[in-house]
Structure formats: structure tokens, C-alpha cells
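Participant: Have a look at the structure that comes next, please.
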Amino acid sequence: LLHDIRWALERDSGVLDFEEFAARVRVLCCAPSAFHGLLLARDLAGAPVTPRMLGALRPSSLRRAVFTLAWRLPAVADYCFVALPRVRSLVRAPLRIFVTL
């Protein structure tokens, strides 16, 4: 799914109205999920996520802290970026996702 986000952003970045997308995501009350999905897609799949995109969906500091603790993000990042060998991004991200399941 992280690569789906990456490929969608690469293909549709020129036509995506991100302000409208962010507004709809907020109405659906899933901005924190969208924020963290974009963040993980950027970090693990190389998605072209801009700081502007993340800023529009950034949850409160408390929500980010709870999410980080609940999902153990530092441990996952350490494992994904240190334990596995460095290979091409297209190969590396699916391997990391598979190994962490």
C-alpha cells in the first residue's frame, strides 16, 4: 500500500488539489491516519511527499506522540534502515514491509 501511495503521487502530483484533499480528509476525521500514511510512504517507499502536504495534515503533538509510542516508530525505523541491507528502493521497501509483518 505504501508503494500505491508513492505511485499515485508520482503519477497524479500535477493534477492533485492537495488543499481540497486535506479538507476532505479533515471532514472524515482521518487526518492523523493520512499524515502517518504519507510519512511512512515517504520514508519506506520513497514517495514524493512534500513538507507542505505533511503540514496540511499534521496532527497535534499529543497525537503524534501517542502514535509514535503505540506503533513503536523508532524501533521500526531502526530495524528497517539498519538491519536490512541497502538495496534499491523498489526492492528494499517491499522486503522491509514483508519482514515486519
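Participant: May I ask you to list pairs of residues, at least six apart or on different chains, whose Cβ atoms are under 9 Å apart, with the first in the range 1-25 being over 15 Å from residue 44 (Cα atoms) and β-branched (Val, Ile, Thr) and the second being open to solvent by less than 70 Å² (accessible area, probe 1.4 Å) and assigned to a helix (DSSP H, G or I)?
Facilitator: These pairs meet every condition: 25/31; 25/34; 25/35; 25/56; 25/57.
Participant: Let me ask something else. Tell me, which residue of the range 26-51 that is open to solvent by less than 70 Å² (accessible area, probe 1.4 Å) and farther than 20 Å from residue 68 by Cβ is modelled with the highest pLDDT? I'd like the intermediate steps shown before the answer.
Facilitator: Start the filter on the range 26-51 by keeping residues that are open to solvent by less than 70 Å² (accessible area, probe 1.4 Å), which leaves 30-32, 34-41, 43-50.
Filter again for farther than 20 Å from residue 68 by Cβ, leaving 46, 48, 50.
Working: 46: 88, 48: 91, 50: 88.
So the residue we want is 48.
Each row is one residue, and each column tells you yes or no for (1) closer than 17 Å to residue 9 by Cα; (2) among the aromatic types (Phe, Trp, Tyr); (3) not in a helix (DSSP H, G or I).
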{"site": "20", "(1), (2), (3)": "yes, no, no"}
{"site": "26", "(1), (2), (3)": "no, no, no"}
{"site": "32", "(1), (2), (3)": "no, no, no"}
{"site": "36", "(1), (2), (3)": "yes, no, no"}
{"site": "41", "(1), (2), (3)": "yes, no, no"}
{"site": "49", "(1), (2), (3)": "yes, no, yes"}
{"site": "52", "(1), (2), (3)": "yes, no, no"}
{"site": "56", "(1), (2), (3)": "yes, no, no"}
{"site": "62", "(1), (2), (3)": "no, no, no"}
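Participant: If residue 54 satisfies all but one of (1) at pLDDT 60 or above; (2) open to solvent by 60 Å² or more (accessible area, probe 1.4 Å), what's the number of the condition it fails?
Facilitator: The failed condition is (2).
Participant: Output the number of the condition that residue 66 fails; it satisfies all remaining conditions of (1) at pLDDT 80 or above; (2) farther than 27 Å from residue 11 by Cβ; (3) open to solvent by less than 80 Å² (accessible area, probe 1.4 Å).
Facilitator: With respect to (1) at pLDDT 80 or above; (2) farther than 27 Å from residue 11 by Cβ; (3) open to solvent by less than 80 Å² (accessible area, probe 1.4 Å), residue 66 is out only on (3).
Participant: May I ask you to list the residues in the range 1-25 that are open to solvent by 40 Å² or more (accessible area, probe 1.4 Å) and either touching a Lys or Arg at 6+ places or on another chain (Cβ under 8 Å) or β-branched (Val, Ile, Thr) (or both)? So that I can check it myself, show each step before the final result.
Facilitator: Keep residues of the range 1-25 that are open to solvent by 40 Å² or more (accessible area, probe 1.4 Å), which gives 1, 4-5, 7-8, 10-17, 19-21, 23-24.
Matches in the range 1-25: 5, 15.
The values are calculated or read from the model by the stated rules, or taken from the named source; none is laboratory data. Not measured: the values here are computed from a predicted model. All Cβ positions, glycine included, derive from the backbone under ideal geometry; neighbour counts span all protein chains shown. The area values use the complete protein model at the heavy-atom level, side chains included, leaving out ligands, DNA and RNA. Shrake-Rupley method; radii C 1.70, N 1.55, O 1.52, S 1.80 Å.
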